[in-house]
């Protein structure tokens, strides 16, 4: 079972690590897009979210405090869904649909990150990880 969980972690983390590299390598353009969506301090938001995705994605991938990394991803995904993909504000039907898909994707990924949090924290010894969980005693 540990190998199955590792494969899931690889697939899940690849999205965030790739997005982080994109955020950080194209920070100026990404900040301009964030500004167009009304994100406050867009340049700082792009850099901080890029670093958060890179650190958290790597944490889940390697199993270095994977429970904490999973919570960081939830903390990134939920606000991103509401700030960047506010489909209810759109008037164009195609744009509204596009933003709704991205909103739902972010919320679903946040749900998956919560499942990873529970798996990391509740099992204590997931196998194929570099450290144990941070929140093992917190979950019952």
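Below are the figures for this structure:
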read-out: Contact order normalised by residue count of region 1-139, Cα under 8 Å, 6+ apart, percent; value: 24
read-out: The chain: angle of helix 66-84 to the longest principal axis, Cα-based, in degrees nearest 10; value: 10
read-out: Viscosity 1.306 mPa s, 10 °C: Kirkwood-radius Stokes-Einstein D of region 1-139 over Cα pairs, µm²/s; value: 102
read-out: On Cα atoms only, tilt of 42-62 relative to the major axis of the chain in degrees; value: 30
read-out: Geometric extent, Cα atoms of region 48-113 - Rg, Dmax (angstrom); value: 13.5, 44
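Read-outs throughout are calculated quantities, based only on the coordinates presented, and are distinct from any laboratory measurement. This is a predicted model, so every value here is computed, not measured.
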